[in-house]
Amino acid sequence: MALFKTLENQEEENKARSVDAEVEKVKCLIVGSGPAGYTAAIYAARANLNPVMYEGLEPGGQLTTTTDVENYPGYPEGVTGPVMMEDFKKQAQRFGTDVRFGLATAADLSKRPFKVTIDGKKVIEADSLIIATGATAKYLGLESEEKYKGQGVSACATCDGFFYKGKDVAVVGGGDTAAEEATYLAGICNKVYLIIRKDHMRASKVMQERVKKTKNIEVLFEHNTKEIVGDTSGVTGAILTNGKGEDVKIDIHGFFVAIGHKPNSDIFKEYIDTDEVGYITTEPDTTKTKVPGVFACGDVMDPHYRQAVTAAGSGCRAAIDAERFLGAQE
C-alpha cells in the first residue's frame, strides 16, 4: 500500500513538473516581429530587459513578401525585404534578444504578470508586453494573385509604386485607401486603372473628386478581377469581367490590391481598446494601451502610414515606454 501511494505521489509530482515546465517567466515579452518588433527588441535588449520575442507565423512580417525596398534609410542601393528583416533580427540577437519561432494563440492581460499562450500550450508570464503583431493585407483570393505576389502584385503603392514609374498599373478597391493609392500612383505611372466591383465609390467625396480630376486614372465601375496574367518577368495584364459578364483584358505591369488590412489583434481585444476595424488604440503620443505595462507598436496600431520606417520608430518608442514602466515598478 505504501509503495502504491509512493508511486501515486511520484506521478503527481511528475505532472506538476510537466505543467511548470510549460510556464516561463520573463521581464519583457515581444509578440510579433517585423520592423516594429525587431526594433523594440534592439532597444529593450540594450536596456537590459532581457526580451523574449515570438516571431509569429510570418517571421519578419509583411516585408518578407516584398522584393525590393528602396525607401528605408541606410540602404542607398536598396535591399530586399527578407534580407533587411534578417539584418534587423541579427542586430536584435546581437544584443541578447531571445528570438523564437511561435504563434501567440491566447492572452490574459487581466493582471500582472501577463500571460500569453504560445502555440496553444506554453505559457509565458511577462512583467511587460509589447504587441507588434502587425496587420494582414486583404487579398482577392485568386491563385494568380498569389502566384505573382512580389512580382507585380502588391498591397502597398507607397512601398512598391516607384518600380512601375512610367508604366500602366491597376488598383482594386472603391474606398479611401484605393483612391489614395490610385492618385499616388497617377503621379508616377503612365496610366492607372481603378477597378471597382460596384457602380459607385465608397470613398469620401473629397477623394472621389480627386480621382475624377486626375486625368490618367480610368475608373472601371462594375468590374471584377477574374485573373492576373504574366510571364517570367512578372505581371503583364489582368482579365476582368464587366457588368454584362464579358471578359475585358487590360495590359498592366503592376496590380495593387487596396481592399483593406486586418490588424492581428484578436487575442488581445478583450483587454485593450481597438477601433472598429481592430487597430489597437494607444494613449496620445505614446505606445501605451489602457492596460499598464502593455504596449503596442507597428501596423497593429497604425491605420494611416503602414511603412517600415514608421513601424521601426514606434518599436523604439514601445521599448522605451516599457523600460520606463518597469523602472517605476522597482
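State whether the stretch 77-157 is rounded, prolate or oblate according to the following rule on the C-alpha gyration tensor (a ≥ b ≥ c being the square roots of its eigenvalues): a/c under 1.5 gives rounded; otherwise a/b larger than b/c gives prolate, and the remaining case gives oblate. Because a/c hits 1.5 or more and a/b fails to exceed b/c, the stretch 77-157 counts as oblate. By the Cβ-Cβ criterion of under 4.7 Å, the unpaired cysteines of the chain are C28, C189, C297, C316.
Within the stretch 243-260, name every residue whose backbone N is under 18 Å away from a label modeled 7 Å from Cα of S233 along the Cβ vector. From the stretch 243-260, the list is 250-255. Contact order, relative form, for the stretch 139-257: 31 percent (alpha carbon pairs under 8 Å, 6 or more residues apart, mean separation divided by residue count). A simple spin-label model places the labels of E70 and K290 4.5 nm from each other, with each point 7 Å out along Cα-to-Cβ. Going by a ≥ b ≥ c, the root eigenvalues of the Cα gyration tensor, does the stretch 83-215 fall in the rounded group (a/c under 1.5), the prolate group (a/b larger than b/c) or the oblate group? Prolate is the answer for the stretch 83-215, as a/c is 1.5 or above and a/b outweighs b/c. The alpha carbon centroids of the stretch 133-178 and the stretch 43-82 are separated by 20 Å. The trypsin sites (Lys or Arg not before Pro) of the stretch 112-194 that DSSP puts in a loop, and whose beta carbon has at most 10 other beta carbons within 10 Å, are K121.
Just to verify a number: FRET efficiency for A328 and Y305, C-beta to C-beta distance, R0 = 35 Å, to 0.05?
Calculated transfer efficiency: 0.75.
A viscosity of 0.692 mPa s and a temperature of 37 °C, combined with the Kirkwood radius over C-alpha pairs in the Stokes-Einstein formula, give the chain a diffusion coefficient of 151 µm²/s. When all alpha carbon pairs of the stretch 209-321 are counted in 5 Å bins from zero, the resulting P(r) reads 2, 10, 14, 14, 11, 10, 11, 11, 10, 6, 1, 0 %. Take the Cβ atoms of E218 and V83, set R0 to 41 Å, and the FRET efficiency comes out at 0.65.
For T105 and K244, the FRET efficiency from 1/(1 + (r/R0)^6), where r spans their Cβ atoms and R0 equals 35 Å, is about 0.15.
Each stretch of four or more DSSP H residues adds -39500 (n - 2.57); spread over every residue of the chain, this sum gives -9500 deg cm²/dmol at 222 nm. With all projection directions averaged, the alpha carbon convex hull of the stretch 159-229 covers 4.6 nm². In this simple spin-label approximation, F162 and D119 carry label points 7 Å from Cα along the Cα→Cβ vector, and these lie 3.9 nm apart. The value of relative contact order for the stretch 79-173, using C-alpha pairs under 8 Å at least six residues apart, is 12 percent. The alpha-carbon atoms of the stretch 139-257, seen along their principal axes, cover 39, 34, 21 angstrom, with the largest extent given first. 3J(HN,Hα) along the stretch 215-223: 5, 9, 9, 10, 8, 10, 6, 6, 10 Hz, from the Karplus curve 6.51 cos²θ - 1.76 cosθ + 1.60 with θ = phi - 60°, whole Hz, x for Gly and Pro. Helix 2-21 and the long axis of the chain differ in direction by around 40°, with both axes built from C-alpha atoms.
Since every read-out is calculated from the coordinates, none of them should be taken as a lab result. Computed from a predicted model, the values in this text were never measured in an experiment. Note that we place each Cβ from the backbone using ideal geometry, even for glycine, and neighbour counts take in every protein chain shown.
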